[in-house]
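K.L.:
Following this message is one structure expressed as structure tokens.
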Amino acid sequence: MSEVDVVETVEPTEAVEVVEANVQRRDTATTARIAARKMRDVENPASIVIDPRTREGHMMVKLMFLYDRAVSAIRMKAGLSITIDKVNESLLQANEFTQRLDALTGMFSEMSGINPYGTGTFQYETPEAKRLLAARPRSYVFIPQSEEGRKVALSIKRIFPLLIHIRTTSTDFARAGAAITSIIQSIVDFCNLSEQLLKTAKLDYEIPKGMGALVSAAAANI
Amino acid sequence: MLKIGHLIPATVIKALPDYSAYLMAILGTEHMALLDRTHAGLHLRVGDNTIASVYSIKDGRIHLSQKSAPFYRRLTELLVSPLLMEEKVKVVHAAAVEGAGFAKIAVVGLNGCNPIAECKPYIKPEAVRQYTNTKITLVRYSSDIEQYVRNAFYPGHTDDLKEVIYFKEMDQINVFVKPERLGLFLGKGGANVATVSKLVGKQVYVYPAG
């Protein structure tokens, strides 16, 4: 009798836990739909597959989608609803950010001793390798609408493997810490830039989930 | 290229003692791979940079190896790359068996070059030890299968090898050696004859002569 009692008390608790877990997770149909879309998009030769594997990386990719949409819209509306001067200013800001990411790549490369240009990011970018990455549940398949978006995507592809390398193998964490802080600060600035560009393009902006935590982290580190 | 058999540079990201594999980051990419400890040529630590060949890609996971024949072949090609560029030698086959501690690599000389003499200065033990503890033995390739088997039995001395008979119909090779040298030709646990068999791609049997 006592065994039956125990089962009766445990079962409802487990059921509640399962229900809560399901609420938090995506339903299977959505996951399957996203996976199918990713596998379809990856066949596009212009697609870029990104698997950032870090929290900062995921945030950067989410912002990159917004940024690319904004830059593309600004270019399309140039001379119509947005003045040419405003477009020039926006594109200048976008280029400045790309240069900043390149400088960051250089810093990371120097710290890790890995040349992200020389070791073959693109050498491995075969259709099979892209499919392999796209099949990962937390990867993104990005089809850039603008050259600026493409440049940022390629920078992300270079930076985050180096960040993982630095995080896992660094023996001097004072230097690694500086690199991590600079990447978090870049993400905060990227968020501000994306917001500004979306406003210029007269598009809706919604702060990606988790950005608040990163802003707090950036503030704490500074 | 991320294809089976290709050599890739990788860094050890995780090396947990109770895990059977190292987690490796393939340099310059976002791909991660697993290097099974039994397939690792050396004892690795976190942060070690090494090279390994792609052993398999299944269920979205990339498995690397530092003990497979393609790895030894690519490693030899890497070490003798100046000779390959000058078109002096060509690496033809590679063979290794588990636990043997050595791999046999068949090389052929181009434009009248002696492949073993040309390759020897490049296959230095200290150069090989950077990547694997396995010993690399060079074998002179020959299109004559009987001669190829004779060459492949190195370090067994050729004078001790009495006769090599190739049975074409059975795709089998019988090798007769001096009875007192039989152990040398067979190798530890039959590793030498098994490696030769893999290298030449035929069944090889060793018998004492007379």
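Computed from the coordinates by the stated procedures, all read-outs in this text should not be read as laboratory data. None of the values given here were measured: they were computed from a predicted structure. No Cβ is skipped: glycine too gets one built from the backbone with ideal geometry, and neighbour counts run over all protein chains shown.
K.L.:
Return the loop-located GluC sites (Glu not before Pro) in region A:144-222 (DSSP other than H, G, I, E, B) with at most 10 other Cβ atoms within 10 Å of their own Cβ; answer none if there are none.
P.N.:
Passing both the DSSP loop test and the Cβ count: A:Glu206.
K.L.:
Rounded, prolate or oblate: pick one for region B:76-146, where a ≥ b ≥ c are the square roots of the eigenvalues of its C-alpha gyration tensor, a/c under 1.5 means rounded, and failing that, prolate if a/b is larger than b/c, else oblate.
P.N.:
oblate
K.L.:
May I pose another question? Let me check I have the definition right: for region B:99-139, take the eigenvalues of the Cα gyration tensor, multiply each by 5, take square roots. What are those semi-axes in whole Å, largest first?
P.N.:
22, 12, 6
K.L.:
What average number of partner chain Cβ atoms lie no more than 10 Å from the Cβ of the residues making up B:129-141?
P.N.:
0
K.L.:
As an exercise, use a Förster radius of 51 Å and the Cβ-Cβ distance of B:Leu186 and A:Thr171 to find the FRET efficiency, rounded to the nearest 0.05.
P.N.:
Rounded to the nearest 0.05, the efficiency is 0.60.
K.L.:
List the trypsin sites (Lys or Arg not before Pro) within region B:5-77 that DSSP assigns to loop and that have no more than 15 neighbouring Cβ atoms inside 10 Å. Don't skip to the end; give the middle numbers.
P.N.:
Details: sites: B:Lys14, B:Arg37, B:Arg45, B:Lys58, B:Arg61, B:Lys67, B:Arg73, B:Arg74; in loops: B:Arg45, B:Lys67.
Sites meeting the loop and neighbour criteria: B:Arg45.
K.L.:
Please list, in order along region B:57-68, the HN-Hα scalar couplings obtained from phi with the Karplus expression 6.51 cos²θ - 1.76 cosθ + 1.60 (θ = phi - 60°), rounded to whole Hz, x for Gly and Pro.
P.N.:
Whole-Hz 3J(HN,Hα) from phi for region B:57-68: 10, 9, 6, x, 10, 9, 10, 10, 8, 10, 9, 8.
K.L.:
Where the eigenvalues come from the Cα gyration tensor of region B:1-123, what are the semi-axes √(5λ) of the equivalent ellipsoid, largest first, in whole Å?
P.N.:
29, 15, 13
K.L.:
In addition: Under a Cβ-only charge scheme (Lys and Arg +1, Asp and Glu -1), can you give me the dipole magnitude of region B:1-152 about the Cα centre, in debye to the nearest 20?
P.N.:
Around 160 debye, computed over region B:1-152.
K.L.:
For an R0 of 35 angstrom, estimate the FRET efficiency from the Cβ-Cβ distance between A:Glu89 and A:Asp27 and round to the nearest 0.05.
P.N.:
Numbers: r = 43 Å, r/R0 = 1.24.
That pair, A:Glu89 with A:Asp27, gives E of 0.20.
K.L.:
What is the list of residues in region A:43-65 whose amide nitrogen lies under 12 Å from a point 7 angstrom out from the Cα of A:Leu203, following Cα to Cβ?
P.N.:
Counting backbone N atoms under 12 Å from the label point, the list is A:63-65.
K.L.:
Among B:Ala33, A:Gly57, A:Ala217, which residue has its Cα furthest toward the positive end of the charge dipole of the protein assembly as shown, with +1 on Lys/Arg Cβ and -1 on Asp/Glu Cβ?
P.N.:
Highest projection toward the positive end goes to B:Ala33.
K.L.:
Using 0.36 nm times the number of residues separating A:Arg40 and A:Glu110, minus their current alpha carbon distance, what extension gain do you get?
P.N.:
Fully extending the segment from A:Arg40 to A:Glu110 adds 21.5 nm.
K.L.:
Going down the list B:Lys135/B:Lys178; A:Lys77/A:Lys199; B:Lys14/B:Lys188; B:Lys14/B:Lys104, which pairs span over 24 Å between their C-alpha atoms?
P.N.:
Distance filter (> 24 Å) returns B:Lys135/B:Lys178; B:Lys14/B:Lys188; B:Lys14/B:Lys104.
K.L.:
Could I ask something else about it? What's the whole-number percent of alpha carbon pairs in chain B lying beyond 20 angstrom? List each step's numbers first, then the result.
P.N.:
Details: 13296 of 21945 pairs.
Looking at chain B, the distances longer than 20 Å represent 61 percent of pairs.
K.L.:
Which whole-Hz ³J(HN,Hα) couplings does region B:41-52 yield from phi under the Karplus relation 6.51 cos²θ - 1.76 cosθ + 1.60, θ = phi - 60°, glycine and proline marked x?
P.N.:
x, 9, 7, 10, 10, 4, x, 5, 9, 8, 10, 8
K.L.:
Taking +1 at the Cβ of each Lys and Arg and -1 at the Cβ of each Asp and Glu, which of B:Gly210, B:Leu75, B:Tyr154 sits farthest along the dipole of chain B towards its positive end, judged by Cα position relative to the Cα centre?
P.N.:
B:Leu75
K.L.:
Now for a different question. Loop only by DSSP, 11 or fewer other Cβ within 10 Å of the Cβ. Give me the trypsin sites (Lys or Arg not before Pro) in region B:154-184 that pass, ordered by residue number.
P.N.:
Those that pass, being in a loop and sparsely packed, are B:Lys168.
K.L.:
Also, quick follow-up: Could you tell me the relative contact order of region B:1-75? Use alpha-carbon pairs under 8 Å, at least six residues apart, and round to a whole percent. Present the calculation step by step, with values, prior to reporting the outcome.
P.N.:
Working: 157 pairs, mean separation 25.5, N = 75.
Contact order relative to length: 34 percent.
K.L.:
Calculate the radius of gyration of the Cα atoms of the protein assembly as shown to one decimal place, then report Dmax, the largest Cα-Cα distance, as a whole number, both in Å.
P.N.:
So, for the protein assembly as shown, Rg and Dmax equal 29.1, 99 Å respectively.
K.L.:
Could you tell me how far the Cα centroid of region A:124-150 sits from the Cα centroid of region B:57-105, in Å?
P.N.:
After rounding, the separation between the Cα centres reads 31 Å.
K.L.:
With charges only on Cβ, +1 for K and R and -1 for D and E, what is the dipole size of the protein assembly as shown about its Cα centre, in debye, rounded to 20?
P.N.:
1020 debye
K.L.:
OK, next. Under the rule a/c < 1.5 gives rounded, and otherwise a/b versus b/c splits prolate from oblate, where does region A:70-168 land using the Cα gyration tensor?
P.N.:
Taking the square roots of the gyration eigenvalues as a ≥ b ≥ c, region A:70-168 is oblate.
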